[in-house]
1. Given the conditions (1) within 24 Å of residue 45 (Cβ to Cβ); (2) out of contact with any Ser or Thr (no Cβ under 6 Å at 6 or more places or on another chain); (3) among the aliphatic types (A, V, I, L, M), and given that residue 126 satisfies all but one, which numbered condition is not satisfied?
2. Does residue 166 satisfy being of a type in the set (Lys, Arg) and in contact with a Leu (Cβ under 7 Å, 6 or more places away or on another chain)?
3. Of the numbered conditions (1) in contact with a strand residue (DSSP E or B) (Cβ under 8 Å, 6 or more places away or on another chain); (2) charged (D, E, K, R); (3) within 17 Å of residue 3 (Cα to Cα), residue 125 fails exactly one; give the number of that condition.
4. What number of residues within segment 68-79 satisfy the criterion of being over 22 Å from residue 139 (Cβ atoms) and within 14 Å of the ligand (Cβ to nearest atom)?
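All of the numbers you see were taken from the coordinates with simple rules; none came from a lab. Bear in mind that the values here come from a model prediction, so they are computed numbers and not experimental data. Because the Cβ atoms are built from the backbone with ideal geometry, glycine has one as well, and the counts that use them run over all protein chains shown.
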Amino acid sequence: MRVARRESILKDGRRLVIRSADRVDALDMIDCLKQVATESTFLLSYPDEITYTESEEISIIDRFLNAPTSAMLVAFVDNRLVAISSIMGQSRRRKMCHRAELGISVLRDYWGLGIGARILATLIEAAKNAGLEQIELGVFTGNKRALALYRKMGFVETGLVPQAAKLDDGTYYDEHRMVLMLDRAIEDVLINPEY
Ligand SMILES: CC(C)(COP(=O)(O)OP(=O)(O)OC[C@H]1O[C@@H](n2cnc3c(N)ncnc32)[C@H](O)[C@@H]1OP(=O)(O)O)[C@@H](O)C(=O)NCCC(=O)NCCS
């Protein structure tokens with residue numbers, strides 16, 4: 001699905017633009033994902049595993065634009081692509097099509113400015129409009145910033161997958177599973193003009 005473009009002012013006074021990812025964004029999106037994977041061990045992939053070509057990324061963007069319960073957003077500060085986030089609905093199986101899985105990546109230099117919260121608020125609203133009933137996600141133990149953000153947006157923990165990720169150095173991360181039931185989403189978060 002395509003989500004309406006949004007502009008807002010960040011905590012540091014800069015302008016944030018959030019919109020659906022389009023074909024022209026493909027190369028910048030690959031660079032952004034690689035950089036976040038370098039800056040954080042909490043993503044699913046190592047940087048060397050992000051090997052999409054521009055045309056593969058374009059196919060992914062097209063799939064998100066055409067799927068009724070999926071959306072891929074990109075966020076820009078000073079015309080730089082600084083964040084990517086998506087909800088992926090399970091539209092092929094009728095028993096599962098009320099659910100979507102969320103992911104988000106923000107470049108480290110832009111953490112703590114409220115970008116994550118504004119992107120999530122945009123996706124939550126889009127998910128509701130698309131008729132989704134719940135958004136789910138996984139977050140690795142130790143990712144305090146992400147846990148704080150998700151709790152603030154109303155997500156609750158549903159369980160823990162032990163040793164969900166094994167790093168190259170042998171360290172394990174457990175994974176918190178979280179869910180946001182959309183009929184219980186915090187309305188004032190969604191209508192706050194700041195978001
Ligand atoms: C997790 C991530 C998406 C957050 O994005 P962000 O733009 O920094 O998020 P926001 O600024 O909107 O909010 C972060 C919140 O966490 C809080 N926070 C930051 N560090 C924290 C810590 N150590 N403990 C608790 N809370 C913390 C911030 O204070 C902020 O809350 P506030 O606005 O109420 O003050 C971003 O850091 C990121 O992309 N990280 C790397 C990839 C990743 O982990 N993705 C998520 C995988 S599940």
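1. Exception for residue 126: condition (1).
2. Judged against the criteria, residue 166 is not a match.
3. It is condition (1) that residue 125 fails.
4. 2
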